[in-house]
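Data block below; observations after.
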Amino acid sequence: MLEPVSYAIIVVCFAYAAWSLFAAALNQIPREPHVIGAGVIELLLVVQLVVAIVMMFVDGRPDEFAVFIAYLLVVLIVLPLGLFWALAEKSRWGTMVLVFAALVIPVLVLRLEQIWEATGV
Amino acid sequence: MSEPGIQPASAEPSPPATNTGPGRVLVAVYALFAVAATSRAAYQIGTKFDDAPVPYLLSAFAAVVYIVATIALARPGRTSYWVALAAIGIEMAGVLTIGAVTAFGVTDFPDDTVWSWFGRGYLFIPLVLPILGLLWLRRLRVTAR
């Protein structure tokens, strides 16, 4: 797919996870900056969605089209659900939930790349 | 645990709260595996069930176990505690059995499940998860006294 977008998402997610891990180590609960940071990641994920849609029109559908679409959509809801679950927890473990959610996204993005590459267009 | 002001003061003994503290992260991980295992099983059964019915049914079974464990852990209360314990116990037995069967080649497993090779395809998290889950439930039981 468009690799610069994927790499940007992965780098930002790792940075977000590291930052949240640091915050959890300092015994901080999830706060507004974490919500804003998640918004940045979500923005990049929407860009990825648009790029993927455009590229499917240009290059054709990947072989595993349904799986590809499922991954594109699931990756969008991971962090909002993580935030929802994290913000209600008034301890460092809420922040740890964000670390976990942020680390799931790179895995899904890599799977998306794999599915796209497997098409061989 | 001992941080002040986290739990609201309550006169009656609180039921085991499996969904706060470290349990918060545990529920998140379980939820992810519930989604992953369910989608994987649905995909396998929906597109190629005849290739390997038994592994795909095991995939579906694993999915159900993860869903039950997620919900039971996410809800406070005694009943949920025991449901969670049963589900995670079954999960532990499942990942050890399926892991051993696939790793030592007792029978042919044409396609992987979440538990194949002790969850190798998922960074061995399926093997670690029930251990953490059982430790978490055991710790709650100790602190509840």
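Worth a mention:
- A residue that is within 14 Å of another protein chain (Cβ to nearest Cβ) and within 30 Å of B:Thr47 (Cβ to Cβ) can be found somewhere in segment A:41-63.
- When residues of segment A:79-95 are limited to those that are outside any helix (DSSP H, G or I) and not small (Gly, Ala, Ser), the one surrounded by the most Cβ atoms within 10 Å (Cβ to Cβ): A:Glu89
- Flag for B:Leu32 being part of a helix (DSSP H, G or I) and more than 18 Å from A:Tyr71 (Cα to Cα): no
- Residue within segment B:74-90 that is at pLDDT 95 or above, farther than 30 Å from A:Leu87 by Cα and either part of a helix (DSSP H, G or I) or more than 14 Å from chain A (Cβ to nearest Cβ) (or both) present: yes
- When A:Leu21 is tested against (1) loosely packed, with under 13 Cβ neighbours inside 10 Å; (2) modelled with pLDDT of 95 or more, just one condition goes unmet, and that condition is (1).
One line per residue, one yes/no per condition, for (1) modelled with pLDDT of 90 or more; (2) loosely packed, with under 13 Cβ neighbours inside 10 Å:
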site: B:Ser2; (1), (2): no, yes
site: B:Pro22; (1), (2): yes, no
site: B:Val27; (1), (2): yes, no
site: B:Asp50; (1), (2): no, yes
site: B:Ala72; (1), (2): yes, no
site: B:Ala93; (1), (2): yes, yes
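- Filter pass, B:Phe49 being of a type outside the set (S, T, N, Q) and over 30 Å from A:Phe84 (Cα atoms): yes
- Selection status of A:Glu3, surrounded by 14 or more Cβ atoms within 10 Å (Cβ to Cβ) and among the charged types (D, E, K, R): no
The values are calculated or read from the model by the stated rules, or taken from the named source; none is laboratory data. From a predicted model like this one, the values you see are computed outputs, not experimental measurements. All Cβ positions, glycine included, derive from the backbone under ideal geometry; neighbour counts span all protein chains shown.
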